[in-house]
Every structure is written in C-alpha cells, then in structure tokens.
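Novice: Below you will find the structure I want to go over with you.
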Amino acid sequence: MEFAFKNHYRIDDLLQIMQILRGEGGCPWDREQTHQSIRRNLLEETYEAAEAIDMGDSGLLLEELGDVLLQVVFHAQMEAEQGSFSFDDVCNGICQKLILRHPHIFGDVTADTSEEVLKNWDEIKKQEKGQKTQSDALQAVPRTLPALMRSAKVQQRAAKTGFDYPGLSDAMGDLESELAELKEAASGGSPEAIEEELGDLLFSCVNVSRFLHSDAEESLTRSTDKFIRRFAEVEKLAYSKGVDMKAASLEELNQLWFEAKKKVQL
C-alpha cells in the first residue's frame, strides 16, 4: 500500500483512502458495501449534521460535515469502479448546475432580490428536469423526504400556480373541516378511512403552517423535544411523590403533567 501519512489531509487524500479501502486487499467491510447497504448511513449523517447546526456547535459541525462528505465519496467510488462516473464528475455536475442556475451572476440576467433569484432558479430547474407542467414539478418532490417536509414542498409548488387558499382563515377552516371528518371516521369508519382522514388532517396542518410562515417539520420537532423534557419532569415528580406511573389513575397523571408544564415552559 502506497500512502503518505500527513499532518493535514485534503480531498485528494480522502479519495485515495476510499480507493484503498475499496481496493484489492482493502477493508472487508468497505469492500462489501453497496449503495443500498449504506443508504441509511447517508440519511443519518445528514441528520447529524443538521443537529450540529441546530446546536450551534461549530466543532461538531466540522466533524459531521466530514461524515457527510465521506458518504458522497463512498457512493462516487462505487460508481467509479463500475465506470459510470467519478467524484470529479460529481463536482463538475454541481459546478455546471450552479453556473446555469445563477444567470444573474454568470450571465446577463438581472435579479436584484432573493425572490427574483428563486423564481429564475425554479424556471431553470423545470427546464433542466423536463418538467412541462406544474404537476410534473409536484411529482418530482422525492417521496423519501420526511412526510411533513414533502407535503410543504408540494403545497408550495402548487401555490405558485395560484392553486391556494386566499388566506389563513380559509386554511384554518379547512383544518377544522378535516378534523370533523376524522372524528366521524373514528366513530365508525374503517381503518382505511381513518388513515385517509388522518392524512388529510395532517396535510391541512401543514397548509396552516405555511400561512403562519412556520416550518411544520421544525415545529413538530420542537414540540417533541418539549414533550420529552416535560415527561422527564413528570417522572421526577412521580418519584418524589412515591407515585407508580403504571398504576396511577388518569387524574393523578394529569396532575403530574400540569405540574410539569408549569416547571418546563419551553
């Protein structure tokens, strides 16, 4: 193995390391991997990088971005071995895309505001993807996205055609209507009907979030975090009061929850 150890490595070194790991006599685990076997790794590393951003931790972000980059290099190396494309091709592709989608920087198009930039970006993207209708643009939103995020992107793209409620009150009215339909389904509907109405209700919630200029995915994440903090406080209170949560009545649990909410506001 010809490899020069250094105090500071660069992208070419990372590419060489991956070639060594995947090459003859390399690491057995790395050589066995396929796109599908490490697909989840790419998702997990991306979420961990996002968490570092949320924490405002630059040191952790440095590490997590490296993990994300490793996944990109890993997948590119697999394709290079098949003669499909290389890491350089990946770099070339994104450079070409950035140049093409910023004609106000690399061309003669004028765009003085972020809104104009995004409008141009969307139009160029539709041309690149061969999207002739707005339905094509909606169908192009990946199904692998988290459901709340996907529904928001679909709604945003549909809204660009004018297919949208005039304002918040109309979106809220639709939310109330979907809640009533879910209640009706829950009172005697089939599991399929309940699932459908629950989905409609969640979709309506995302619609309301758009009009409130709030990200539904982020809102739910924060609410989940808050629930965890309050639940932890409930456990502490139950322990201090000698309450067995599994044997406690609903009234006792509610009382603990109300006390926890007072202590944990956010």
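Novice: Out of contact with any helix residue (DSSP H, G or I) (no Cβ under 6 Å at 6 or more places or on another chain), in a helix (DSSP H, G or I), closer than 30 Å to Lys125 by Cα and not aliphatic (A, V, I, L, M) - does that describe any residue in the stretch 52-71?
Specialist: The answer is yes; a qualifying residue exists.
Novice: Does the stretch 245-266 include one or more residues that are assigned to a helix (DSSP H, G or I) and touching a residue at least 40 places away in the same chain (Cβ under 8 Å)? Steps first, please.
Specialist: From the stretch 245-266, those assigned to a helix (DSSP H, G or I) are 250-263; that's our starting set.
Within this subset, residues satisfying the condition of being touching a residue at least 40 places away in the same chain (Cβ under 8 Å) are none.
Checking the stretch 245-266: not a single residue is assigned to a helix (DSSP H, G or I) and touching a residue at least 40 places away in the same chain (Cβ under 8 Å).
Novice: May I pose another question? For the stretch 42-78, enumerate the residues that are within 21 Å of Cys91 (Cα to Cα), of a type in the set (S, T, N, Q) and open to solvent by 40 Å² or more (accessible area, probe 1.4 Å).
Specialist: Within the stretch 42-78, just Thr46 meets the criteria.
Novice: If I go through the stretch 81-95 residue by residue, how many of them are more than 19 Å from Ile17 (Cβ to Cβ) and surrounded by fewer than 12 Cβ atoms within 10 Å (Cβ to Cβ)?
Specialist: Matching residues across the stretch 81-95 total 6.
Novice: Being open to solvent by 60 Å² or more (accessible area, probe 1.4 Å) and either of a type in the set (D, E, K, R) or assigned to a loop (DSSP other than H, G, I, E, B) (or both) is the filter here, so list the residues in the stretch 7-23 that pass it.
Specialist: The answer is Asn7, His8, Tyr9, Arg10, Asp12.
Novice: Could you tell me whether any residue of the stretch 104-114 is of a type in the set (A, V, I, L, M), part of a helix (DSSP H, G or I) and under 22 Å from the mean Cα position of the chain (by Cα)? Break it down stepwise before answering.
Specialist: To start, the set of residues in the stretch 104-114 that are of a type in the set (A, V, I, L, M) comprises 105, 109, 111.
In the following step, the residues that additionally are part of a helix (DSSP H, G or I) were identified as 105.
Pick out the ones that are also under 22 Å from the mean Cα position of the chain (by Cα) and you get none.
No, that holds for no residue.
Novice: Quick one: count up the residues across the stretch 109-120 that are of a type outside the set (Asp, Glu) and either touching a strand residue (DSSP E or B) at 6+ places or on another chain (Cβ under 7 Å) or open to solvent by 70 Å² or more (accessible area, probe 1.4 Å) (or both). Outline the logic, then answer.
Specialist: Initial filter on the stretch 109-120 (of a type outside the set (Asp, Glu)): 109-111, 113-114, 117-120.
Next cut, either touching a strand residue (DSSP E or B) at 6+ places or on another chain (Cβ under 7 Å) or open to solvent by 70 Å² or more (accessible area, probe 1.4 Å) (or both) only: 110, 114, 118-119.
Total satisfying the criteria: 4.
Novice: Across the stretch 199-208, which residue is farthest from Ser177 (Cα to Cα) among those that are open to solvent by less than 80 Å² (accessible area, probe 1.4 Å) and among the hydrophobic types (A, V, I, L, M, F, W, C)? Don't jump to the end; show me each part of the working.
Specialist: So the first thing to find is which residues in the stretch 199-208 are open to solvent by less than 80 Å² (accessible area, probe 1.4 Å), and the list is 199-201, 204-208.
When the remaining residues are screened for being among the hydrophobic types (A, V, I, L, M, F, W, C), the result is 201, 205-206, 208.
Numbers: Leu201: 9, Cys205: 11, Val206: 14, Val208: 13 Å.
Ranking the qualifying residues of the stretch 199-208, first place goes to Val206.
Novice: Identify, please: which residue in the stretch 160-198 is among the small types (Gly, Ala, Ser) and not in a helix (DSSP H, G or I) and is, among those, most open to solvent (accessible area, probe 1.4 Å)?
Specialist: Ranking the qualifying residues of the stretch 160-198, first place goes to Ser187.
Novice: Which of (1) open to solvent by 40 Å² or more (accessible area, probe 1.4 Å); (2) small (Gly, Ala, Ser); (3) not in a helix (DSSP H, G or I) does Gly26 not meet, given it meets every other one?
Specialist: (1)
Novice: Could you give me the residue pairs with C-beta distances under 8 Å whose first residue belongs to the stretch 96-108 and is within 10 Å of Glu128 (Cβ to Cβ) and open to solvent by 50 Å² or more (accessible area, probe 1.4 Å), whose second residue is modelled with pLDDT of 95 or more and basic (Lys, Arg) wherever it lies, and which are 6+ apart or on separate chains?
Specialist: none
Novice: Then there is this: Might you let me know whether the stretch 231-239 holds any residue that is farther than 18 Å from Arg150 by Cα and within 27 Å of the chain's Cα centre (by Cα)?
Specialist: Quick first cut of the stretch 231-239, residues farther than 18 Å from Arg150 by Cα only: 231-239.
Within this subset, residues satisfying the condition of being within 27 Å of the chain's Cα centre (by Cα) are 231-232.
Looking for residues that are farther than 18 Å from Arg150 by Cα and within 27 Å of the chain's Cα centre (by Cα), one finds at least one in the stretch 231-239, hence yes.
Novice: Within the stretch 126-159, restricting attention to residues that are surrounded by 11 or more Cβ atoms within 10 Å (Cβ to Cβ) and of a type in the set (D, E, K, R), which residue is nearest to Arg210 (Cα to Cα)?
Specialist: Top of the filtered list is Lys153.
Novice: Follow-up. Could you check, for the stretch 150-158, whether at least one of its residues is closer than 22 Å to Leu266 by Cα and at pLDDT 95 or above?
Specialist: Checked against the condition, which is being closer than 22 Å to Leu266 by Cα and at pLDDT 95 or above, the stretch 150-158 yields no hits at all.
Novice: Suppose the filter is within 24 Å of Phe3 (Cα to Cα), part of a helix (DSSP H, G or I) and without any contact (Cβ under 8 Å) to a residue 24 or more places away in the chain; does Arg31 pass it?
Specialist: Numbers: within 24 Å of Phe3 (Cα to Cα): yes; part of a helix (DSSP H, G or I): yes; without any contact (Cβ under 8 Å) to a residue 24 or more places away in the chain: yes.
Yes; evaluated as a whole, the condition is true for this residue.
The values are calculated or read from the model by the stated rules, or taken from the named source; none is laboratory data. Model, not experiment: these values are computed from the prediction. Neighbour counts are summed over all protein chains in view; Cβ atoms, including those assigned to glycine, are modelled from backbone coordinates with ideal geometry. Areas reflect the complete protein model, heavy atoms only, side chains present, ligands, DNA and RNA absent. Shrake-Rupley method; radii C 1.70, N 1.55, O 1.52, S 1.80 Å.
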